[in-house]
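The values are calculated or read from the model by the stated rules, or taken from the named source; none is laboratory data. Being a predicted model, the structure only gives us computed values, none of them experimental. Neighbour counts run over all protein chains shown; Cβ positions are idealised from the backbone, glycine included. To get the accessible areas, we keep the full protein, side chains included, count just its heavy atoms, and leave off ligands, DNA and RNA. Shrake-Rupley method; radii C 1.70, N 1.55, O 1.52, S 1.80 Å.
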Amino acid sequence: LWTMRQYAGFGTAEETNERFKHLLAAGQTGLSVAFDLPTQMGIDSDSPRALGEVGRVGVAIDSVDDLATLFDGVPLDKVSTSMTINATASTLLAMYIVVGEERGVPRAKLSGTIQNDILKEYVARGTYVYPPEPSLALIAETFRFCAAELPEWNPISISGYHMREAGATAGQEL
């Protein structure tokens with residue numbers, strides 16, 4: 001009934017892929033991807049803005065090829081994938097779909113979740129890319145797309161913990 005997964009990702013796609021394979025061999029039934037800050041912000045690893053942050057708090061993903069490497073040897077039609085990412089969630093989801101399609105996995109067989117909770121980024125973390133209105137429009141479009149094309153995909157995972165943390169930091173009682 002439950003998907004068992006551990007939040008993992010650090011360094012390169014190759015290094016994180018090794019960890020994923022270890023976790024799956026140990027009995028995990030799904031994967032939960034931690035992305036580095038540049039990936040979360042839509043910044044390429046070779047950008048001067050990414051200096052010192054590449055691969056530090058998660059895996060660095062700059063391209064579809066990186067994502068293909070991240071999931072090399074992982075049966076995408078059998079393993080549910082959670083991607084903890086917000087501002088660039090639709091981009092990473094699009095890459096994931098491409099990786100699946102290149103491996104012959106139909107969209108209907110892909111299962112998982114993207115966090116896609118942009119309001120949390122405005123309230124608590126500050127890792128947004130676009131202004132609020134276009135961000136919310138992109139999330140709504142992602143919902144529509146998933147409803148039509150990815151029946152086993154959850155297009156949002158609300159991160160209430162960060163909201164609580166933001167309120168506590170601001171001295172508000174929640």
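Let me have the 222 nm mean residue ellipticity of the chain computed from DSSP H runs of 4+ only, each contributing -39500 (n - 2.57), with the sum over all residues rounded to the nearest 500.
Values: 6 runs with 67 residues, N = 174.
So the calculated ellipticity at 222 nm is -11500 deg cm²/dmol.
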Query raised in the report: So which residue, out of PRO106, PRO134, PRO151, gets the largest mean-square fluctuation from a GNM of the chain using Cα contacts under 10 Å as springs?
Result: PRO134
Report summary line: To the nearest 20 debye, region 38-100 has a Cα-centred charge dipole, built from +1 on Lys and Arg Cβ and -1 on Asp and Glu Cβ, of 220 debye
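Hey, got a sec? Which chymotrypsin sites (Phe, Trp or Tyr not before Pro) in region 1-49 land in a DSSP loop and have at most 13 other Cβ atoms within 10 Å?
For chymotrypsin sites (Phe, Trp or Tyr not before Pro) across region 1-49 that sit outside H, G, I, E and B with at most 13 neighbouring Cβ atoms in 10 Å, the list reads TRP2.
At 1.4 Å probe size, with every protein chain present, just tell me what the per residue accessible area of the chain comes to in Å². Could the numbers behind the result be given before it?
Working: 9310 Å² over 174 residues.
On a per-residue basis, 54 Å².
Determine the sum of side-chain charges near SER135: Lys and Arg each +1, Asp and Glu each -1, restricted to other residues whose C-beta is under 14 angstrom from that of SER135. Write down the numbers at each step before the final one.
Details: positive: LYS120, ARG125; negative: ASP117, GLU121, GLU133, GLU141.
Net charge around SER135: -2.
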Report summary line: In whole percent, the fraction of accessible protein surface over the chain that belongs to carbon or sulfur atoms, probe radius 1.4 Å, stands at 54 percent
Query - Estimated distance in nm for a label pair at SER47 and TYR7, the labels positioned 7 Å out from Cα along Cα-to-Cβ - result: 2.3 nm
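With +1 on each Lys and Arg Cβ and -1 on each Asp and Glu Cβ, and nothing else charged, work out how big the dipole of the chain is about its Cα centre, in Debye to the nearest 20.
That gives the chain a dipole magnitude of about 520 debye.
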